[in-house]
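Participant: Input: one structure, supplied below.
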Amino acid sequence: MSLTIDDIRDAAERIRGEVVETPCLASRTLSELAGCGVVLKFENLQFTASFKERGALNRMSRLTPAERAAGVLAISAGNHAQAVAYHAQRMGLPATIVMPRFASGVKVASTRRFGAEVVLEGLTFEDARAVGMRILQERGLTLVHPYDDPAIAAGQGTVALEMLAQQPSIDTLVVPVGGGGLIAGMAVAARAVAPGVRIVGVQTERFPAAWNAVHDGNREAGTVTMADGIAIGRPGAENVAVIRELVDDVLLVDEGDIEQAVLTLLEIEKTVVEGAGAVGLAAVMRHRDAFAGRTAGVVLSGGNIEPLVLAEIIQRGMVRSGRLTRLLVSVRDVPGRLAGVAELLGRLGANIDEVHHQRAFSALSLERVQIEIVVQTRGPEHGAGAPRRGLRRGAAGLELQELLESLGRADGRVLAHLVLGAPGGHERVAGDDLPQLLDRGVGGDDEAADERHLTGGGHEASGGGLLADPGLVALEVAVDLLGGLGVAGEQQEHRGQLYAISGLGEPP
Ligand SMILES: Cc1ncc(COP(=O)(O)O)c(C=O)c1O
């Protein structure tokens, strides 16, 4: 590539004072969790919440007076759109941003807020690109490409200059890769100022083009990812050439790793990072061997995440860590039963988050209703003593055990039926895999039939008939284990399985 360290130093001069020199801070807690030094570069704290301002501003600062007067055009549904719109407005340039029609309302609104003309055209990104190129010709505008331009890569490369000056202990740079402008610029900069530094790119398994390039692989691309900022099928050719020459490795992470990294950054660093911005931390947590004994400088490249997506990530994290538990309760359809269950849960200290009372959408027989209750629990910490056999399956399992023991203590007659469901269908597990709770047995004709509906298989162990006792309410407890924080192999193995435990005496 024609890109040199002088281009990047020149870019640094051009953008100085106009983009934020973001903090670059060591994280003690993340270092402990990851087992290596972790230093974070907070590019999510740029005004438009991503590093994209650096490249966009550098490119636009090089326009001739005639080009400035005519204006610029960008084709982007994401961070680049906002970066171009914001700096064009500051510089007094007319900006046209072409986005596909599916672009998120939040991003469209913030791009418009920066005074750009937003053209929403095309069902796919390719359609939008075609429209954009036509407008470019018609109006005589200058294209500001998101990554395939040396002036863009030079601007992005200033991230590495800053990081290595702010934290000289960094010996490995960990960089998200989409179109490759960021890593190409950073690699050229780092090789010049700190030749021994390792440079590691990170992609999502769903869009592995750069990984393919360095590993001579042919992994196929998917269609969607929560790291939409790096969902690029074909990185810039010159960027790929730099990656091949200067980058030491490209690592892949999956959607679960990314989700977990977003949550970890929120919980530990109190910082909001979008999926693409979190892949660096995701890689450090997942590929621990690659970072052992090193100090990883991780670029948190952007913070533009949809609030609803963030809310969902938080909720799912609470489920995984045992702070939200879902109970499916089957009760006879007579007045007062819902109140009885609610009262029982209240006494156990489980705060109710949601209740759904299902008649039509229940697989139970006609005289019963299914109540789905989501309760806030106190997490695994208050689970008493060592985990019991068969329930060692992670935080949610412990919490479930605690809850069941409490329920048992409440009326002294817990009857448990544990069914493990494989993701595609339920499967009954017997023998050593079952918790001791199961040893107490469950069964009964009518109720067993109900359970077969719910769980895909009955269990004819000892104790049959108790649940058919008209004086009893059957309680079915189901917890989705979405796979582990932290993440022990065992938890991963049980990802997506359904734990169902049924049987409880009448609430008083
Ligand atoms: C948040 C975020 N991180 C990383 C990238 C990847 O940058 P590049 O396309 O230069 O590889 C992007 C690109 O838009 C992004 O928005």
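Participant: Within the bounds of the stretch 44-56, is there any residue that is acidic (Asp, Glu), in contact with a helix residue (DSSP H, G or I) (Cβ under 6 Å, 6 or more places away or on another chain) and within 16 Å of the ligand (Cβ to nearest atom)?
Facilitator: Scanning the stretch 44-56, I find at least one residue that is acidic (Asp, Glu), in contact with a helix residue (DSSP H, G or I) (Cβ under 6 Å, 6 or more places away or on another chain) and within 16 Å of the ligand (Cβ to nearest atom), so the answer is yes.
Participant: Restricting to the stretch 211-240, name every residue that is of a type in the set (A, V, I, L, M, F, W, C), surrounded by fewer than 14 Cβ atoms within 10 Å (Cβ to Cβ) and part of a loop (DSSP other than H, G, I, E, B).
Facilitator: Result: 224, single match.
Participant: What are the residue pairs meeting all of these: first residue in the stretch 203-227, first residue farther than 19 Å from residue 261 by Cβ, second residue assigned to a loop (DSSP other than H, G, I, E, B) and acidic (Asp, Glu), Cβ atoms under 7 Å, and 6 or more apart or on different chains?
Facilitator: Here the result reads none, with nothing in the stretch 203-227 linked to a residue that is assigned to a loop (DSSP other than H, G, I, E, B) and acidic (Asp, Glu).
Participant: Here's something else I'd like to know. Out of (1) within 16 Å of the ligand (Cβ to nearest atom); (2) touching a helix residue (DSSP H, G or I) at 6+ places or on another chain (Cβ under 9 Å); (3) charged (D, E, K, R), what's the single condition that is false for residue 129?
Facilitator: Of the numbered conditions (1) within 16 Å of the ligand (Cβ to nearest atom); (2) touching a helix residue (DSSP H, G or I) at 6+ places or on another chain (Cβ under 9 Å); (3) charged (D, E, K, R), the odd one out for residue 129 is (2).
Participant: Those residues that are touching a residue at least 60 places away in the same chain (Cβ under 8 Å), surrounded by fewer than 22 Cβ atoms within 10 Å (Cβ to Cβ) and under 18 Å from residue 206 (Cα atoms), I need them from the stretch 241-262; list them, please.
Facilitator: 256
Participant: Sort out which residues of the stretch 270-284 are crowded, with 24+ Cβ neighbours inside 10 Å and either within 18 Å of residue 159 (Cα to Cα) or not small (Gly, Ala, Ser) (or both), and write them in order of number. Reasoning before the result, please.
Facilitator: The initial filter retains those residues of the stretch 270-284 that are crowded, with 24+ Cβ neighbours inside 10 Å, namely 273-284.
Correct list: 273, 274, 276, 277, 278, 279, 280, 281, 284.
Participant: Can you name the number of the only condition in (1) touching a residue at least 24 places away in the same chain (Cβ under 8 Å); (2) away from the ligand (no atom under 16 Å from the Cβ) that residue 64 fails?
Facilitator: Failed condition: (1).
Participant: From the list 365, 321, which residue is of a type outside the set (D, E, K, R), within 28 Å of residue 28 (Cα to Cα), out of contact with any strand residue (DSSP E or B) (no Cβ under 9 Å at 6 or more places or on another chain) and at pLDDT below 85?
Facilitator: Every option except 321 fails the conditions.
Participant: Identify all residues within the stretch 166-202 that are buried (at least 24 other Cβ atoms within 10 Å of the Cβ), small (Gly, Ala, Ser) and outside any loop (DSSP other than H, G, I, E, B); write none if there are none.
Facilitator: Within the stretch 166-202, 181, 184, 185, 187, 189, 190, 201 meet the criteria.
Participant: Scan the stretch 135-149 and give yes if some residue there is over 29 Å from the mean Cα position of the chain (by Cα), away from the ligand (no atom under 16 Å from the Cβ) and within 27 Å of residue 241 (Cβ to Cβ), otherwise no.
Facilitator: yes
Participant: While we're here: In this structure, does residue 239 turn out to be away from the ligand (no atom under 14 Å from the Cβ) and over 19 Å from residue 125 (Cα atoms)?
Facilitator: Values: away from the ligand (no atom under 14 Å from the Cβ): no; over 19 Å from residue 125 (Cα atoms): yes.
No, not satisfied.
Participant: Would you tally the residues in the stretch 1-32 being away from the ligand (no atom under 16 Å from the Cβ), in a helix (DSSP H, G or I) and under 27 Å from residue 91 (Cα atoms)?
Facilitator: 7
Participant: Applying the selection to the stretch 277-290, what residues are within 12 Å of the ligand (Cβ to nearest atom) and touching a residue at least 60 places away in the same chain (Cβ under 8 Å)?
Facilitator: Within the stretch 277-290, 277, 279, 280 meet the criteria.
Participant: Continuing with the same structure: Looking at the stretch 214-223, is at least one residue within 13 Å of the ligand (Cβ to nearest atom) and small (Gly, Ala, Ser)?
Facilitator: Within the stretch 214-223 (the criterion being within 13 Å of the ligand (Cβ to nearest atom) and small (Gly, Ala, Ser)), the answer is no, since none of the residues qualifies.
Participant: For the stretch 67-85, which residues satisfy the criterion of being buried (at least 24 other Cβ atoms within 10 Å of the Cβ) and within 16 Å of the ligand (Cβ to nearest atom)?
Facilitator: Correct list: 74, 75, 76, 78, 79, 80, 81, 82, 83, 84, 85.
Participant: In the stretch 33-60, which residue that is in a helix (DSSP H, G or I) and among the polar types (S, T, N, Q) is farthest from residue 270 (Cα to Cα)? So that I can check it myself, show each step before the final result.
Facilitator: Of the stretch 33-60, the ones in a helix (DSSP H, G or I) are 33-34, 43-45, 52-60.
Pick out the ones that are also among the polar types (S, T, N, Q) and you get 44, 58.
Details: 44: 12, 58: 30 Å.
Checked the stretch 33-60; the qualifying residue farthest from residue 270 (Cα to Cα) is 58.
Participant: Let me ask something else about it. Check residue 111 against each of (1) farther than 30 Å from residue 167 by Cα; (2) surrounded by 15 or more Cβ atoms within 10 Å (Cβ to Cβ); (3) away from the ligand (no atom under 16 Å from the Cβ) and name the one condition it does not meet.
Facilitator: Of everything listed in (1) farther than 30 Å from residue 167 by Cα; (2) surrounded by 15 or more Cβ atoms within 10 Å (Cβ to Cβ); (3) away from the ligand (no atom under 16 Å from the Cβ), residue 111 misses just condition (3).
Participant: Does the stretch 271-278 contain at least one residue that is of a type in the set (Asp, Glu), farther than 21 Å from residue 79 by Cα and assigned by TED's automatic domain parsing to the domain that holds residue 209?
Facilitator: No: the stretch 271-278 contains no residue that is of a type in the set (Asp, Glu), farther than 21 Å from residue 79 by Cα and assigned by TED's automatic domain parsing to the domain that holds residue 209.
Participant: Out of everything in the stretch 242-276 that is within 15 Å of the ligand (Cβ to nearest atom) and part of a loop (DSSP other than H, G, I, E, B), what residue ends up being nearest to residue 199 (Cα to Cα)?
Facilitator: Among them, the one singled out is 247.
Participant: Kindly indicate whether any position in the stretch 294-316 is in contact with a Cys (Cβ under 6 Å, 6 or more places away or on another chain), at pLDDT 85 or above, surrounded by 15 or more Cβ atoms within 10 Å (Cβ to Cβ) and part of a loop (DSSP other than H, G, I, E, B).
Facilitator: Checked the stretch 294-316: at least one residue is in contact with a Cys (Cβ under 6 Å, 6 or more places away or on another chain), at pLDDT 85 or above, surrounded by 15 or more Cβ atoms within 10 Å (Cβ to Cβ) and part of a loop (DSSP other than H, G, I, E, B).
The values are calculated or read from the model by the stated rules, or taken from the named source; none is laboratory data. The structure presented is a predicted model; accordingly, all values stated were derived computationally and were not measured. Because the Cβ atoms are built from the backbone with ideal geometry, glycine has one as well, and the counts that use them run over all protein chains shown.
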